[in-house]
Structure formats: structure tokens, C-alpha cells
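S.K.: There's a structure below that I have some questions on.
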Amino acid sequence: MTLNRRTLTTAIAAASLGALLPAAALAQKKIVLGFSQVGAESEWRTANTESIKSAAKDAGIELKFSDAQQKQENQIKAIRSFIAQKVDVIAFSPVVESGWETVLREAKAAKIPVVLTDRSVNTKDDTLYVSFMGSDFIEEGRKAGRWLVEKMKDQKGEVNIVELQGTVGSAPAIDRKKGFEEIIKADPKFKIIRSQTGDFTRAKGKEVMEAFLKADGKKINVLYAHNDDMAIGAIQAIEEAGMKPAKDITIISIDAVKGAFEAMIAGKLNVSVECSPLLGPQLMSAVKDIKAGKTLPKRIVTEETIFPMEVAAQEFPKRKY
Ligand code: GZL
């Protein structure tokens, strides 16, 4: 059968259009990111969620967002749902360090790259995730410890510390404790006389501080809180016990959220170590790099500082979270 010129031209045009279409269609196809968030337990988390949502919008990335209400099983369910939906990339902030290998192997088998943000996981197989971006929590604990050692350098007697830990088993709780103790162990006058989780929330922080005050009241010289929300809850408990926060009890905290600056300006919190939640833009650029076939560093560390109450008023207007 011979093709006449017209049929041949039409056939070539159709073929080239067809060849072009998938490319054109692909160019329009949005990257789809599945993100499993810890919950909404603190001011830090709210700012982190806002950063991720607004950065996805700015980057033109379709975001499937799930809030796990601080439950690991909800995060695992969400990751499985992202796999079933065949998203392009999965990212999450693991509520605790352990128990992720099975679901991460499922993502790997489905050839869906995973990015860890904010908190990391305990795994021997680091091929289960492409990159971990977030703060160095051990260094945050060291910064808190160094500030206290400096503050108490002329203190002769014992310095009794109570500690409000973050969520049990979470990377920030484990590492902030580790870093703080690494620094204060150099001087035996520093004693952690009570340590308990306040689960990173204001309510639990207040409740546990009430118990500390009931047990040790006037003996307490310092409160070390793993985040500002628990410190703010504890400040309420200290005031209700008729004591002066930041004066009768020195208070050290971490995150440097707005609530912490307000407490420092009010003279109720001595210092907050910065832990930036603004990971959204970095995450979206990593997602685009992954889709473009680029390699990412295994570890991306967020640069941070420390804010004593003396600088709070001048720094507050510049804060972005
Ligand atoms: C730290 C983050 C912690 C914050 C808390 O990166 O995981 O979780 O310090 C938050 O405020 O709840």
C-alpha cells in the first residue's frame, strides 16, 4: 500500500505532535510531595507547618499534608497512603527516633525518595532516606549548658536543676539532654534533681512543674526546659506557687518562638536557644533537586544562635516565627 503525500504529511505531523505531547504534558505535571507532620503540639510546630505549606505553594509543588497528632502509627499510616498514591517524594518529621525501618523499606521498594526534616530516625541503613535537614539538637543542649555555666560561674553552693524533657524517645529530647549534661558534668555543683517529660506542650509543662514545686519548691534554682511551650507552662506554675520566674528560679529554654521573646521581655524567662522551624524553602528546593536527579548531602544542618533576655526587646521585631 503506498501512502500519498498528504497522508504521509499528516502522519508525520501527528507523530511529532504525539511525541511532543508527553513532554509538554510532563512539563505541566506538578511535583507531588507527601508530608507527614508530627502534630500541632507547640508554637514551633505551628510555625514549621506554616513554613512548609507556604513554601510548597511558592514552589508550585502539590502538597499532600497529614497531621499525626503526635502518634507514630498515624505517621506510618500517612506514609503508606502516600506510597499508594504514588507521590513523587515523601518527607516527614519523625515523632520518635525508632520504629521506621519497615515503612521506609516499603517507600524504597516503591522507588519513592524520602526526606527527613526537623527530627531524624534511628536506622543502620541510611539508604532508607535521601537527606536529613534540621537542627543539631546536641549543640542546642550544649548552648543551654554553656549559658548556665557562665551565669553561675561565681555561685559557690549547689545549683539544683529540674528538667522538663520533650517527647519521650524523640531526637530533640534525647539529644538536648545529652548536650546539656555533657557541659554541666564538668562542675559537680550542678545537679539535675528531677527530670520528667512535659511532651513539648504548655499544659503538660505546667502540670509537671507544679509537681516539681510541690516536691522541691525552694530547693529549685534552675529550670531547663527542652522547649519554650513547656517553659511558658512552667512559668505559670512558678507564679501560682508565689515565686518569681527568672529571679527565684533561673529558666533556660529552647526554640526562641514569639512566646519566649514575650516572656523574656516581661522578665520571666532568662534565655532561649534558637531552633529554627523555617525549613519549608530548604525542603522544597531539595524536592526539586531530587526530581531533577541531583544528589543531596545526607545531612543539612540549620544554623542557629542563642537569645538571652537582655537582647530580647531589640531582637523581637526581626523575628520571623
Ligand atoms: C525541634 C522540634 C521540637 C521543638 C518543639 O526541632 O522537633 O518539637 O523544639 C516541637 O517545640 O514540639
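S.K.: Go over the candidates 287, 273 one by one and state the one that is within 15 Å of the ligand (Cβ to nearest atom) and out of contact with any Ser or Thr (no Cβ under 6 Å at 6 or more places or on another chain). So that I can check it myself, show each step before the final result.
M.R.: Details: 287 fails: within 15 Å of the ligand (Cβ to nearest atom).
After applying the criteria, what remains is 273.
S.K.: Additional query: Working only within the stretch 122-147, note down all residues that are without any contact (Cβ under 8 Å) to a residue 40 or more places away in the chain and either in contact with a strand residue (DSSP E or B) (Cβ under 8 Å, 6 or more places away or on another chain) or over 30 Å from residue 246 (Cβ atoms) (or both). Working first, answer last.
M.R.: Restricting attention to the stretch 122-147, the residues satisfying the condition of being without any contact (Cβ under 8 Å) to a residue 40 or more places away in the chain are 122-125, 127-129, 145-146.
Residues satisfying the conditions are 122, 123, 124, 125, 127, 128, 129.
S.K.: Can you name the residue in the stretch 285-308 that is open to solvent by 50 Å² or more (accessible area, probe 1.4 Å) and touching a helix residue (DSSP H, G or I) at 6+ places or on another chain (Cβ under 9 Å) and is also nearest to residue 30 (Cα to Cα) among such residues? Quick ask: steps written out before the conclusion?
M.R.: Quick first cut of the stretch 285-308, residues open to solvent by 50 Å² or more (accessible area, probe 1.4 Å) only: 285, 288, 291-295, 297-299, 301, 303, 305-306.
Next cut, touching a helix residue (DSSP H, G or I) at 6+ places or on another chain (Cβ under 9 Å) only: 285, 288, 294-295, 298, 301, 305-306.
Numbers: 285: 14, 288: 11, 294: 18, 295: 21, 298: 25, 301: 28, 305: 36, 306: 39 Å.
Filtering first and then ranking leaves 288.
Here's the yes/no breakdown for (1) among the charged types (D, E, K, R); (2) buried (at least 24 other Cβ atoms within 10 Å of the Cβ); (3) not in a strand (DSSP E or B):
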| position | (1), (2), (3) |
| --- | --- |
| 206 | yes, no, yes |
| 230 | no, yes, yes |
| 238 | no, yes, yes |
| 242 | no, no, yes |
| 254 | no, yes, no |
| 259 | no, no, yes |
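S.K.: Turning to a different aspect of this structure: Every residue in the stretch 87-119 that is of a type in the set (S, T, N, Q) and within 16 Å of the ligand (Cβ to nearest atom), please. Lay out the reasoning, then the answer.
M.R.: Of the residues in the stretch 87-119, the ones of a type in the set (S, T, N, Q) are 93, 98, 102, 117.
The answer is 93, 98, 117.
S.K.: Right, another one. For residue 122, are the conditions met, namely being within 16 Å of the ligand (Cβ to nearest atom), open to solvent by 50 Å² or more (accessible area, probe 1.4 Å) and either on the phi > 0 side of the Ramachandran plot or of a type outside the set (Phe, Trp, Tyr) (or both)? Spell out how you get there, then give the answer.
M.R.: Working: within 16 Å of the ligand (Cβ to nearest atom): yes; open to solvent by 50 Å² or more (accessible area, probe 1.4 Å): yes; either on the phi > 0 side of the Ramachandran plot or of a type outside the set (Phe, Trp, Tyr) (or both): yes.
Against the criterion (within 16 Å of the ligand (Cβ to nearest atom), open to solvent by 50 Å² or more (accessible area, probe 1.4 Å) and either on the phi > 0 side of the Ramachandran plot or of a type outside the set (Phe, Trp, Tyr) (or both)), residue 122 qualifies.
S.K.: Here is a follow-up. Looking at residue 150 and the list (1) touching a residue at least 12 places away in the same chain (Cβ under 8 Å); (2) over 17 Å from residue 96 (Cα atoms), which single condition is not satisfied?
M.R.: Among (1) touching a residue at least 12 places away in the same chain (Cβ under 8 Å); (2) over 17 Å from residue 96 (Cα atoms), the lone unmet condition for residue 150 is (1).
S.K.: Restricting to the stretch 216-240, what's the tally of residues that are within 16 Å of the ligand (Cβ to nearest atom) and within 20 Å of residue 142 (Cβ to Cβ)?
M.R.: Here is the first cut: in the stretch 216-240, the ones within 16 Å of the ligand (Cβ to nearest atom) are 223-235.
Among the residues that remain, those that are also within 20 Å of residue 142 (Cβ to Cβ) are: 223-228, 230-231.
Summing the residues that are within 16 Å of the ligand (Cβ to nearest atom) and within 20 Å of residue 142 (Cβ to Cβ) in the stretch 216-240 gives 8.
S.K.: Still on this model: Could you go through the stretch 275-284 and let me know if any residue there is surrounded by fewer than 21 Cβ atoms within 10 Å (Cβ to Cβ) and without any contact (Cβ under 8 Å) to a residue 24 or more places away in the chain.
M.R.: no
S.K.: Could you grab me the full set of residues in the stretch 30-46 that are hydrophobic (A, V, I, L, M, F, W, C) and away from the ligand (no atom under 16 Å from the Cβ)? Write out each step before concluding.
M.R.: Kept after step one, since they are hydrophobic (A, V, I, L, M, F, W, C), are these residues of the stretch 30-46: 31-33, 35, 38, 40, 44.
31, 32, 33, listed by residue number.
S.K.: Now, a different point. Answer with yes or no whether residue 84 is surrounded by 14 or more Cβ atoms within 10 Å (Cβ to Cβ), of a type in the set (Gly, Ala, Ser), assigned by TED's automatic domain parsing to the domain that holds residue 288 and away from the ligand (no atom under 16 Å from the Cβ). Outline the logic, then answer.
M.R.: Details: surrounded by 14 or more Cβ atoms within 10 Å (Cβ to Cβ): no; of a type in the set (Gly, Ala, Ser): yes; assigned by TED's automatic domain parsing to the domain that holds residue 288: yes; away from the ligand (no atom under 16 Å from the Cβ): yes.
In short, no.
S.K.: In the stretch 280-293, is there at least one residue being of a type outside the set (D, E, K, R), assigned by TED's automatic domain parsing to the domain that holds residue 118 and in a loop (DSSP other than H, G, I, E, B)?
M.R.: Within the stretch 280-293, one or more residues are of a type outside the set (D, E, K, R), assigned by TED's automatic domain parsing to the domain that holds residue 118 and in a loop (DSSP other than H, G, I, E, B).
S.K.: Yes or no: the stretch 161-168 includes at least one residue that is away from the ligand (no atom under 16 Å from the Cβ) and free of Cβ contacts under 8 Å to residues at least 40 places away in the same chain. I'd like the intermediate steps shown before the answer.
M.R.: Step one: filter the stretch 161-168 for residues away from the ligand (no atom under 16 Å from the Cβ), giving 161-162.
So of that shortlist, the ones also free of Cβ contacts under 8 Å to residues at least 40 places away in the same chain come out as none.
For the stretch 161-168, residues away from the ligand (no atom under 16 Å from the Cβ) and free of Cβ contacts under 8 Å to residues at least 40 places away in the same chain: absent.
S.K.: Provide a single number: the residues in the stretch 88-104 that are open to solvent by 20 Å² or more (accessible area, probe 1.4 Å), touching a helix residue (DSSP H, G or I) at 6+ places or on another chain (Cβ under 7 Å) and farther than 21 Å from residue 56 by Cα.
M.R.: 4
The values are calculated or read from the model by the stated rules, or taken from the named source; none is laboratory data. These numbers come from a predicted model, not from an experiment. Here Cβ is always computed from backbone atoms with ideal geometry, including for glycine, and neighbour counts include all displayed protein chains. Surface accessibility is based on the protein's heavy atoms, side chains included, excluding ligands, DNA and RNA. Shrake-Rupley method; radii C 1.70, N 1.55, O 1.52, S 1.80 Å.
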